[in-house]
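Mind looking over this structure? Questions follow.
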Amino acid sequence: MQEISTIQQMKDWSRQSRNNEQRLGLVPTMGFLHEGHLNLVRHSLAQCDRTVVSIFVNPIQFGPGEDLARYPIDLERDKKLLADLGVDAVFIPKKDELVPPDMNTFVQVENLTEHLCGHSRPEFFRGVTTIVLKLFHIVQPDVAIFGEKDRQQLEVVRKMIEDLNLDIQIVGLPTIRESDGVALSSRNSYLSPEERESARSIVQALESGKSLILNGETSAEIVKNQMRSVIASRTGTRIDYISVCDPRRFGEIQRIENPVMLAMAVHIGNTRLIDNYLVEKNSCKEPC
Ligand code: PAF
């Protein structure tokens, strides 16, 4: 596996792949890889001739007081996991080269970033789209793969691609979960054993919301109240948002029709976790 740390080296490597007409897959990550990331990587390896994984803890998607300073990093472990899978190149850019202190250009997708995570983390999506677009320009992938746990991020990136006429196929893959249903996240590493137990309330709330809908409930307010009560029954939890919304544009809905997204962000102690289910009345896209 080639380890690349400069933008020029990455561009040269990608240009060579394109000259050889190889289909290039990119999996953008912030590292501290878990099975969810590895699933994205395996997909790229299966679908593309060459796979690049980027690892960059992107400072411009963190707001003041968020967890940038303590975000978990283990590059040696990440590199070994990727090399063992057969990844062709890992791109680990230096912070000051990718985000120079005098950088003045940012990319903002409007409207769908105003909801959910965009509401409570106003800097987040601008930081994500700016860095993802830079990675797309540098790596020039044919395909880029993201996880559906961050479904809003996935749709925001899709909208950016559409609006800016980029020829990159965006693939979203289902959330990978622990055996008790908790979604895999690098931030789960912050949780104490008691907090890990409380984190189960998130998937339990989603399950209870889904079950109401599949049993015919059409009031989003009733579904949200039910999910809120599941979260509130656990100690150490604080709801950031709970939403029943349109799965592409994320506006809140009142009356539930097919399909609908149940989404939430919950603080478990000092750790903010997100998760979502896409619920369709005749079939459910998450484990039913
Ligand atoms: O999902 C993530 O890990 C990040 O938001 C991403 C897409 C790598 C951009 O920094």
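Taking the Cα of GLN22, stepping 7 Å toward and past its beta carbon, and measuring to each backbone N in the range 66-93: which are under 17 Å?
What the label zone holds, given the 17 Å backbone N cut-off, is 82-92.
Report, for the chain, the % of DSSP beta bridges that are antiparallel, rounded to 5.
Restricted to the chain, the bridges split so that about 50 percent are antiparallel.
Semi-axes of the equivalent ellipsoid for the range 1-92, please: Cα gyration tensor eigenvalues, times 5, square-rooted, ordered largest first, whole Å.
24, 15, 11
Return the distance in nm (one decimal) between the two label points of a simple spin-label model at ASP84 and LEU164, each offset 7 Å from Cα along Cα→Cβ.
3.5 nm
When you count, for each residue, the other Cβ atoms within 10 Å and take the mean per peptide, how do 98-109, 165-176 rank with the highest first?
Result, highest mean first: 165-176, 98-109.
Taking 2.2 N^0.38 Å as the expected size of a compact globular protein, what ratio does the Cα radius of gyration of the chain give against it, to two decimals? Don't skip to the answer; put the middle values down first.
On the way: Rg = 19.2 Å, N = 288, 2.2 N^0.38 = 18.9 Å.
Dividing the Cα radius of gyration by 2.2 N^0.38 Å gives 1.01.
Can you compute log10 of I(q)/I(0) for the range 178-219 with the Debye formula, treating each Cα as one identical point scatterer, at q = 0.18, 0.26 Å⁻¹?
Debye intensities relative to I(0), on a log10 scale: -0.58, -0.87.
Measuring from the lowest to the highest alpha carbon on each principal axis, how far does the range 97-144 reach, largest first, in angstroms?
Here the spans come out as 30, 30, 13 Å, largest first.
Using all alpha carbons of the range 196-288, what is the percent of pairwise distances in each 5 Å bin, ordered from the shortest bin to the longest?
3, 15, 29, 25, 16, 9, 3, 0
Then there's this: Normalised by the number of residues in the chain, what is the relative contact order in percent for Cα pairs under 8 Å and 6+ residues apart?
Working: 502 pairs, mean separation 48.0, N = 288.
RCO, the chain: 17 percent.
Under 8 Å for C-alpha pairs, at least 6 residues apart: give me the relative contact order for the range 188-256, rounded to a whole percent.
32 percent
So which of LYS149/LYS224; LYS149/LYS281; LYS94/LYS134; LYS159/LYS210 end up more than 23 Å apart by C-alpha?
Over 23 Å apart, Cα to Cα: LYS159/LYS210.
Sort out for me the Cα centre separation of the range 133-199 from the range 3-81, rounded to whole Å.
12 Å
Taking the Cα atoms only, what angle lies between the long axis of helix 151-163 and the longest principal axis of the chain, rounded to 10 degrees?
50 degrees
Work out the P(r) tail for the range 135-174: percent of alpha carbon pairs separated by more than 10 Å, whole number.
Of all Cα-Cα distances in the range 135-174, 69 percent exceed 10 Å.
Every number here is computed from the coordinates shown, using simple stated rules; none is lab data. What you see is a predicted model, and the numbers here were worked out from it, not measured in a lab. So basically every Cβ, Gly included, is an ideal-geometry build from the backbone, and we count neighbours across all protein chains shown.
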